[in-house]
Amino acid sequence: MGIFSQPSKSVAVTSLVLLLSELSRQISMIVRTTLQESDKVLSEVSIQYSHPVIYDSYNTCELVLNSKLGSFSVSISRDIC
């Protein structure tokens with residue numbers, strides 16, 4: 001007979017299966033959370049780049065609030081519209 005008797009091998013295998021099951025559950029939760037966070041970031045970036053009042057690197061709402069929209073040339077103003 002080896003180091004472990006049959007009952008202790010069974011307990012060890014059961015413990016290992018339970019441990020692997022718990023690790024699998026935790027990994028699944030981490031992956032799910034990471035994917036949700038990644039989707040959120042991608043959504044925010046997507047909205048930021050497609051927002052209609054963002055032009056190039058200019059936030060036109062902010063420019064209006066700070067009375068700086070008039071500093072654009074006519075050609076840039078036409079591009080924005």
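The values are calculated or read from the model by the stated rules, or taken from the named source; none is laboratory data. Keep in mind the model is a prediction, meaning the values are calculated, not measured.
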Scanning segment 57-77 for residues that are outside any loop (DSSP other than H, G, I, E, B) and either acidic (Asp, Glu) or more than 25 Å from Val45 (Cα to Cα) (or both) gives Glu62, Gly70, Ser71, Val74, Ser75
Tally the residues that are within 25 Å of the chain's Cα centre (by Cα), among the polar types (S, T, N, Q) and at pLDDT 75 or above, restricting the search to segment 45-77. 2
